[in-house]
1. Could you tell me which residue of segment 9-35 is most open to solvent (accessible area, probe 1.4 Å), considering only residues that are in contact with a strand residue (DSSP E or B) (Cβ under 8 Å, 6 or more places away or on another chain) and without any contact (Cβ under 8 Å) to a residue 12 or more places away in the chain?
2. Within segment 36-63, how many residues turn out to be open to solvent by less than 70 Å² (accessible area, probe 1.4 Å) and either touching a His at 6+ places or on another chain (Cβ under 9 Å) or closer than 28 Å to VAL146 by Cβ (or both)?
3. Identify, please: which residue in segment 130-156 is open to solvent by 80 Å² or more (accessible area, probe 1.4 Å) and free of Cβ contacts under 8 Å to residues at least 12 places away in the same chain and is, among those, nearest to the chain's Cα centre (by Cα)?
4. So, in segment 72-104, exactly how many residues are of a type in the set (Val, Ile, Thr), under 16 Å from LEU125 (Cα atoms) and open to solvent by 60 Å² or more (accessible area, probe 1.4 Å)?
5. Here is a check on your reading of the model: is SER107 within 20 Å of ILE143 (Cβ to Cβ), open to solvent by less than 60 Å² (accessible area, probe 1.4 Å) and of a type in the set (Ser, Thr, Tyr)?
Amino acid sequence: MEELTLDPRCTNCEEPIMGKPKFCVNCGFPENGTEQEKSKFIAEKAILKSKQKEAPKRIKSARNTLFIVGGWQMLSSLVIFFLQDDMIELIAGAVVFVIFLLLGFWSQKKPLIALILGLLVYLTLIGLGAIGDPSSLAKGIIIKVVIIAFLAKGINSALELRKKPA
């Protein structure tokens, strides 16, 4: 005959609770907390779950942004090459294209680091362009802000996926 044990268990994760701790050591649920603390924990858990559900879509948008930026760099380099016969511009554009292409593919395996590097490379390109021509900083500012926003949202979503759901 099996013994029936009545060890107290966490209401949230069902882990055994030793003593009378205020918070579950496994999931952080305020087992002996106030109703307000319990409600807050449940609400935060629901928000995290919602963010984690949306995260892959935002990461995919950020990945596509990397591909678009790389393609745009290559296309603009080709145009400059054919108009000005500037081989250095073509080579630089091809290198940047390859970097963004590799970061885009890498973001499928390691989205956080790939998107952070993509954002840093993009910001570096903007900075280098501003050094060469300060007026380039204001040119296309809306598109630049949109690209930065997509990459930042992707980074934020990758961070959300790293959080352990309670």
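1. Taking the candidates together, the pick is ARG9.
2. Result for segment 36-63: 8.
3. Start the filter on segment 130-156 by keeping residues that are open to solvent by 80 Å² or more (accessible area, probe 1.4 Å), which leaves 131, 134, 137, 139, 141-143, 145, 150, 153.
Retained after the next criterion (residues that are free of Cβ contacts under 8 Å to residues at least 12 places away in the same chain): 131, 134, 137, 139, 141-143, 145.
Numbers: ILE131: 29, PRO134: 30, LEU137: 25, LYS139: 26, ILE141: 22, ILE142: 21, ILE143: 19, VAL145: 16 Å.
Ranking the qualifying residues of segment 130-156, first place goes to VAL145.
4. Of the residues in segment 72-104, 5 are of a type in the set (Val, Ile, Thr), under 16 Å from LEU125 (Cα atoms) and open to solvent by 60 Å² or more (accessible area, probe 1.4 Å).
5. On the way: within 20 Å of ILE143 (Cβ to Cβ): no; open to solvent by less than 60 Å² (accessible area, probe 1.4 Å): yes; of a type in the set (Ser, Thr, Tyr): yes.
It is false that SER107 is within 20 Å of ILE143 (Cβ to Cβ), open to solvent by less than 60 Å² (accessible area, probe 1.4 Å) and of a type in the set (Ser, Thr, Tyr).
The values are calculated or read from the model by the stated rules, or taken from the named source; none is laboratory data. Note that this is a predicted model, so its numbers are computed, not measured. Note: ideal-geometry Cβ built from the backbone for every residue, glycine included; neighbour counts use all protein chains shown. Accessible surface is based on the protein model in full, side chains and every heavy atom, while ligands, DNA and RNA are left aside. Shrake-Rupley method; radii C 1.70, N 1.55, O 1.52, S 1.80 Å.
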